[in-house]
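The values are calculated or read from the model by the stated rules, or taken from the named source; none is laboratory data. All of these numbers come straight from a predicted model, not from anything done at the bench. For neighbour counting, all protein chains shown are included, and Cβ atoms are generated from backbone atoms with ideal geometry for every residue, glycine included.
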Amino acid sequence: MPTKVYSKKLLSKELNTLIDDLNNGGIIIYPTETIWAIGCKSTLKKSVERIYSIKNRSETSPFINIIDSYLNISKYVHNIDSEIIRIAREIDNPPTVIYPNCKKEFNYLSNAKNEIAFRVTPNKQIIEIINELNAPLISTSANISGDDFPTDFNNISSSILNAVDVILKFEIESSGKPSSIMKIKNGEIEYLRK
């Protein structure tokens with residue numbers, strides 16, 4: 001099946017087709033507020049495993065999940081500390097936050113300490129996709145592990161482009177650098193990437 005490419009805001013029919021593709025295990029390349037990402041429906045383990053294979057990345061390095069709202073993180077994490085969400089909301093550029101207590105059914109998304117990473121996206125088009133999907137998207141840089149991350153679409157390698165089912169080429173304002181990654185414990189922020 002040839003890769004589908006959408007270059008503008010998705011029309012209703014296109015959105016429905018994209019959601020069908022993602023629900024059936026599809027892999028996408030899409031722009032985020034940080035860098036170009038490769039992703040899938042986070043709740044489909046086989047799709048997540050496919051991204052590890054495409055990126056040639058060890059499954060001991062879990063991916064970031066991009067989500068539409070802090071309120072929905074509780075679907076994937078037990079006993080969220082409200083202080084973590086309060087602090088994360090106060091930061092201007094949406095950080096990726098590492099949460100403890102990943103729910104058992106999503107442990108393929110967590111690290112060895114049962115921690116799971118989420119970033120709340122401000123992008124309306126991505127929020128619309130997540131809402132329709134009723135699940136987060138994997139959001140990892142669209143590159144082979146160890147290679148430079150792509151700052152724009154033209155930097156994405158052909159091996160990545162040829163491995164996906166859908167490319168979303170619509171334009172959004174991106175920072176061109178990965179998100180900060182942090183943990184919050186006892187009200188203190190520990191940056192793992194700044």
When Tyr108 is run through (1) modelled with pLDDT of 95 or more; (2) farther than 18 Å from Pro178 by Cβ; (3) touching a strand residue (DSSP E or B) at 6+ places or on another chain (Cβ under 7 Å); (4) not polar (S, T, N, Q), the failure sits at (3)
In this structure, is Asn155 under 19 Å from Gly26 (Cβ atoms), out of contact with any Pro (no Cβ under 8 Å at 6 or more places or on another chain) and touching a residue at least 12 places away in the same chain (Cβ under 8 Å)?
no
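When you go through Ser139, Ser179 one by one, which is the residue that is hydroxyl-bearing (Ser, Thr, Tyr), within 18 Å of Ala117 (Cβ to Cβ) and assigned to a loop (DSSP other than H, G, I, E, B)? I'd like the intermediate steps shown before the answer.
Values: Ser139 fails: assigned to a loop (DSSP other than H, G, I, E, B).
That would be Ser179, the only listed residue that is hydroxyl-bearing (Ser, Thr, Tyr), within 18 Å of Ala117 (Cβ to Cβ) and assigned to a loop (DSSP other than H, G, I, E, B).
Return the only residue of Ile51, Ile64 being β-branched (Val, Ile, Thr), closer than 24 Å to Tyr191 by Cβ and within 14 Å of the chain's Cα centre (by Cα).
Values: Ile51 fails: closer than 24 Å to Tyr191 by Cβ.
The unique qualifying residue is Ile64.
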All but one of (1) out of contact with any Phe, Trp or Tyr (no Cβ under 6 Å at 6 or more places or on another chain); (2) assigned to a loop (DSSP other than H, G, I, E, B); (3) modelled with pLDDT under 95; (4) not acidic (Asp, Glu) hold for Val164; state the number of the condition that does not hold.
(3)
